[in-house]
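Colleague: This is the structure I want to talk about, given as structure tokens.
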Amino acid sequence: MTRIDELPIRDELRGKSPYGAPQLNVPVQLNTNENPHPLPDALVRRIAERVSEAARTLNRYPDRDAVVLRTQLAAYLTETTGQPLEPTQVWAANGSNEVLQQLLQAFGGPGRTALGFDPSYSMHALIARGTGTEWISGPRTEEFDIDVEAAVAVIREHRPDVVFLCSPNNPTGTALPAETILALYEAAQQARGGRGALVVVDEAYAEFSHRPSTLPLIEGRPTLVFTRTMSKAFGAAGLRLGYLAADRAVVDAVQLVRLPYHLSAITQATAHAALEFSETLLGYVAELKTERDRVVAELRALGLDVTESDANFVQFGRFADAADVWRRLLDHGVLVRDNGVPGRLRVTTGTRAENDAFLDAVRAVTKEINE
């Protein structure tokens with residue numbers, strides 16, 4: 001059998017591993033930041049209606065520009081962030097990862113660079129590599145924040161074409177204040193000598209944050225982009241629908257690289273239905289925020305170091321051997337994520353029963369280690 005390293009793949013892909021997380025059949029799965037609540041029955045019925053309607057015309061290509069869906073998304077963002085948006089300022093694709101890929105296809109590529117602040121969402125670097133964009137890793141503080149002065153220095157040194165800011169950040173859960181985003185945006189523009197750089201704020205977990213949305217910052221900033229997903233707050237990870245909000249010119253740019261008819265009629269129909277139930281689904285988000293805060297308090301009561309979280313997950317530690325703790329939790333039927341942050345693990349906020357099982361497992365493992 002031929003090995004991958006025997007194929008004529010690009011040199012920068014040799015020796016690399018694909019993105020992924022363990023998919024194990026255990027009682028409590030809290031490792032992929034999914035929303036634990038199944039969609040309500042009324043929404044499931046509405047999806048069936050929408051999909052049935054779409055199925056009647058599957059012999060035809062879907063709306064290439066997803067105008068109706070983008071109109072709904074613009075209305076949702078306008079209502080929840082207070083920033084008036086037109087459909088021409090919104091773009092949708094198959095998950096926020098495809099949105100990010102399209103942005104790098106349009107603004108990155110060979111001879112260009114992208115900068116992020118690690119630890120952060122590993123797909124930023126992977127998509128950069130996949131589009132031939134050089135990746136530069138910037139620093140975070142010991143508390144996993146971004147030190148503005150240090151970040152500005154890195155931007156001035158490397159003059160990146162694209163800057164990624166993750167807020168709330170994955171895997172740490174930390175969110176960025178508006179002042180930090182503004183400072184790094186201005187530094188990125190100045191570093192390029194007037195040509196400017198694209199600054200992408202990845203807001204996949206924005207609905208779970210205690211902070212007000214920073215999306216209104218796009219006003220008057222043509223190269224500032226916010227990306228979001230329906231996988232988390234909308235409980236629709238299986239839908240694969242992500243979107244961005246930006247200046248209309250950015251939307252025009254990504255359409256230069258998007259594949260024709262990239263969003264299927266079924267995807268669009270399902271997303272239409274989910275957006276009709278946004279108020280109900282955001283009610284689940286409120287419950288998960290309360291549960292997340294409870295998990296944080298319980299973990300701290302056990303003497304663990306817990307990173308402040310504005311997401312639907314919590315980073316906790318510090319452990320002398322995080323991999324060993326991960327295995328011990330798995331032995332207790334609980335799957336969490338080892339993201340490679342030294343001494344720490346990440347747990348998704350689940351239902352109350354799942355969170356109780358996780359906390360019981362942590363207590364048991366802590367006792368085992370201390371005996």
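No value in this document is a laboratory result; all are computed from the given coordinates. In this text, all values refer to a predicted model and were calculated from it rather than measured experimentally. Quick reminder, even Gly has a Cβ in these numbers, built from the backbone with ideal geometry, and neighbours come from all protein chains shown.
Colleague: If the chain between residue 324 and residue 279 were fully stretched, how many nm would it gain, using 0.36 nm times the residue separation less the Cα-Cα distance?
Modeller: Between residue 324 and residue 279, full extension yields an extra 12.1 nm.
Colleague: Just need the relative contact order of the chain here, percent rounded to a whole number, with Cα pairs under 8 Å and 6+ apart.
Modeller: 23 percent
Colleague: Each residue of the stretch 346-351 in turn: what ³J(HN,Hα) in whole Hz from Karplus with 6.51, -1.76, 1.60 and θ = phi - 60°, glycine and Pro shown as x?
Modeller: Listing the rounded values in order: 10, 10, 6, 6, x, 5 Hz.
Colleague: So which lysines pass the test for residue 232, namely a Cα distance under 17 Å, with those fewer than 8 places away in the same chain ruled out?
Modeller: Cross-link targets: 289.
Colleague: Here is a follow-up. Could you tell me the distance between the Cα centroids of the stretch 244-312 and the stretch 318-366, to the nearest Å?
Modeller: 23 Å
Colleague: Which residue, 249, 83, 325, has the largest displacement toward the positive end of the dipole of the chain when charges sit on each Cβ (Lys, Arg +1; Asp, Glu -1)?
Modeller: Positive-most Cα among the choices belongs to 249.
Colleague: Just the number, please: Stokes-Einstein D of the stretch 239-318 in µm²/s, Kirkwood Rh from C-alpha pairs, 25 °C, 0.890 mPa s.
Modeller: Estimated via Stokes-Einstein, D reaches 150 µm²/s.
Colleague: Still on this structure, please answer the following. Anyone know which of 145, 161, 321 comes out most mobile in the 10 Å Cα GNM of the chain?
Modeller: In the Gaussian network model the winner is 321.
Colleague: Turning to a different aspect of this structure: Summing -39500 (n - 2.57) over the DSSP H runs of n ≥ 4 in the chain and dividing by its residue number, what mean residue ellipticity at 222 nm do you reach, to the nearest 500 deg cm²/dmol?
Modeller: When only DSSP H runs of four or more count, the value is -13000 deg cm²/dmol.
Colleague: Count neighbours as other Cβ atoms within 10 Å of each site's Cβ, and list the GluC sites (Glu not before Pro) in the stretch 102-173 that are DSSP loop with at most 11 such neighbours.
Modeller: 142, 143
Colleague: Let me ask another. If you rank 300, 159, 337 by fewest surrounding Cβ atoms within 10 Å, what's the result?
Modeller: So the residues, fewest neighbours to most, are 300, 159, 337.
Colleague: Right, another one. In nm, give the distance between the simple-model label positions of residue 179 and residue 371, each being 7 Å from the Cα along the Cα-to-Cβ direction.
Modeller: Going from the residue 179 label point to the residue 371 one covers 5.0 nm.
Colleague: Which ³J(HN,Hα) values, rounded to whole Hz and listed in residue order, are derived for the stretch 243-257 from phi using the Karplus coefficients 6.51, -1.76 and 1.60 in 6.51 cos²θ - 1.76 cosθ + 1.60 with θ = phi - 60°, glycine and proline given as x?
Modeller: 7, 10, 10, 6, 4, 4, 5, 5, 4, 4, 5, 5, 5, 6, 10
Colleague: Alpha carbon centre of the stretch 49-78 versus the stretch 8-41: separation in Å?
Modeller: Between the Cα centres of the stretch 49-78 and the stretch 8-41 lies a distance of 28 Å.
Colleague: For the stretch 198-294, compute Rh as the Kirkwood radius over C-alpha pairs and then the Stokes-Einstein diffusion coefficient at 20 °C and 1.002 mPa s; write the answer in µm²/s, rounded to an integer.
Modeller: D, rounded to a whole number, is 143 µm²/s.
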